[in-house]
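Enquirer: Before anything else, here's the structure in question.
The values are calculated or read from the model by the stated rules, or taken from the named source; none is laboratory data. Treat the numbers as computed from the prediction; the structure is a model and nothing was measured. Using ideal geometry, Cβ is built from the backbone for each residue, glycine included, and neighbour counts are taken over all protein chains shown. Accessible surface is based on the protein model in full, side chains and every heavy atom, while ligands, DNA and RNA are left aside. Shrake-Rupley method; radii C 1.70, N 1.55, O 1.52, S 1.80 Å.
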Amino acid sequence: MKRVLLVAFGCAFIATSLPAQEFKDFGRERLNSSPRHGEWVDIKSGDRTIKAFVVYPASKDKTPAVLVIHEIFGLTDWVRSLCDELAESGVIAIAPDLLSGQKFEDIDGARKAISALSKEQVQADLDATSDFALKIPACNGTLAVCGFCWGGGWTFQYASVNPKLKAAYSFYGVAVDNADDAKKVACPVYGFYAGNDERVNATIWKAEELMKAAGKKYEPVLYRGAGHGFMRQGESPNANEPDKKARDDAWARWKTLLKQLP
């Protein structure tokens, strides 16, 4: 519980420290022009029904599925456009709306709502989405997970509770911080971190020691000069060069790793 609270608090701090004008959502243009099939689906999670966005690759063969855990901003157009980019890379991408059933007026409302989510509810929704993904007829039975900021921290956590995962891709989220969780990690974890993100990066070194001691694979990479949120910021029309380069380099690495999924 201690680590999950750190994820929620830490990413909430980062998000609230961003000036409002720096948060610009985009991605709808890509979605509107995509040749790939994307759709909303209903998923039963306990006594609740949640929404999830799914994008399928243009493939005649069955493919892996990647569970996408959104940022503290919620399931935005940018996250959905990233799902489309994942599908373009040859996998099924599925992103649950972890705020399903809630309404909020602005980004601050979304951040507060996500910060108030219980660990139990988030895990139950991720479990339900994972089970749904593995039952998609076009899925080949391989499941991976990725996430960003708040979702990046949850990605590492979820790798320690879902034994069905074959890989985890954590983007600038806090890493595992105790031996028990490290021992439970079921798959290789690949970290993507901003060079200028010391609070998050301070968790990497302990995680490396814990994962090594547990005999687990953890490969963190820092992208020099980039800031927190570079996968989103690097797409912005006003993106700086370090964020653009970090995004491009991270995608190149990620696509290579995706091809290694069974």
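Enquirer: Would you kindly state how much longer the chain becomes between K259 and K51 on full extension, computed as 0.36 nm times their sequence separation minus their alpha carbon distance, in nm to one decimal?
Expert: 72.1 nm
Enquirer: Next question, about the same structure. List the residues whose amide H sits under 5 Å from the amide H of V66, counting only those 5 or more places along or on another chain, with H placed 1.01 Å from N in the peptide plane.
Expert: Those qualifying (amide H under 5 Å, at least 5 residues apart or on another chain) are I92, A93, I94, A144.
Enquirer: Okay, moving on. Can you give the local net charge around D197? Use residues other than it whose beta-carbon is closer than 13 angstrom to its beta-carbon, Lys and Arg +1, Asp and Glu -1. Show your work: numbers first, answer last.
Expert: Values: positive: R199, R224; negative: E198, D243.
Net charge around D197: 0.
Enquirer: Same structure again: Mind running the shape call on the range 94-173? Use the C-alpha gyration tensor, a ≥ b ≥ c as the square roots of the eigenvalues: rounded below 1.5 for a/c, prolate if a/b tops b/c, oblate otherwise.
Expert: It comes out prolate by the Cα gyration axes.
Enquirer: From the residues N240, I43, L165, which one has its Cα farthest along the dipole of the chain in the positive direction, the dipole being from +1 and -1 charges on Cβ of Lys/Arg and Asp/Glu about the Cα centre?
Expert: Value computed over the given set: L165.
Enquirer: A further question on this structure: Under 10 Å, Cα contacts only: if you run a Gaussian network model on the chain, which one of L143, L117, L75 comes out with the highest mean-square fluctuation?
Expert: Sorting by GNM fluctuation, first place goes to L117.
Enquirer: Could you tell me the relative contact order of the chain? Use alpha-carbon pairs under 8 Å, at least six residues apart, and round to a whole percent. Can you show the working numbers first?
Expert: Values: 520 pairs, mean separation 41.0, N = 262.
In percent, rounded to a whole number, it is 16.
Enquirer: Using the Cβ atoms and a cut-off under 9 Å, what net charge is assigned to the surroundings of P188, where Lys and Arg are +1 and Asp and Glu are -1?
Expert: +2
Enquirer: Which of A124, A246, A207 moves most in a GNM of the chain, Cα contacts under 10 Å?
Expert: Maximum fluctuation in the GNM of the chain, among the listed residues, is at A124.
Enquirer: Whose amide H sits under 5 Å from the amide H of A226, counting only residues 5 or more places off or on another chain, with H placed in the peptide plane?
Expert: Residues meeting the amide H criterion: G195, N196.
Enquirer: Identify which of the listed values of semi-axes √(5λ) of the Cα gyration tensor in Å was calculated from the structure shown: [x] 42, 25, 13; [y] 23, 22, 20; [z] 26, 22, 19.
Expert: Here semi-axes √(5λ) of the Cα gyration tensor in Å agrees with entry [y].
Enquirer: Would you mind telling me which residue in G234, G173, G153 has the biggest mean-square fluctuation in a Gaussian network model of the chain, where springs connect alpha carbons within a distance under 10 angstrom?
Expert: Evaluated over the chain, the most mobile residue of the options is G234.
Enquirer: For a quick check: with amide H placed at 1.01 Å from N, whose amide H comes under 5 Å from Y218's, ignoring anything fewer than 5 positions away on the same chain?
Expert: V189
Enquirer: How large is the accessible surface of S160 in square angstrom, using a 1.4 angstrom probe and rounding to the nearest 10?
Expert: 10
Enquirer: Let me ask something else about it. Less than 13 Å Cβ to Cβ from S118, Lys/Arg counted +1 and Asp/Glu -1: what total charge do the surrounding residues give?
Expert: 0
Enquirer: Next up: Indicate the gyration tensor shape class of the range 140-262 (rounded, prolate or oblate), computed on the Cα atoms with a ≥ b ≥ c the square roots of the eigenvalues: a/c under 1.5 is rounded; otherwise a/b larger than b/c is prolate and the rest oblate.
Expert: oblate
Enquirer: Okay, helix-only estimate at 222 nm for the chain: each DSSP H run of n ≥ 4 adds -39500 (n - 2.57), divide by all residues, round to 500 deg cm²/dmol; what do you get?
Expert: Counting only the DSSP helices, I get -12500 deg cm²/dmol.
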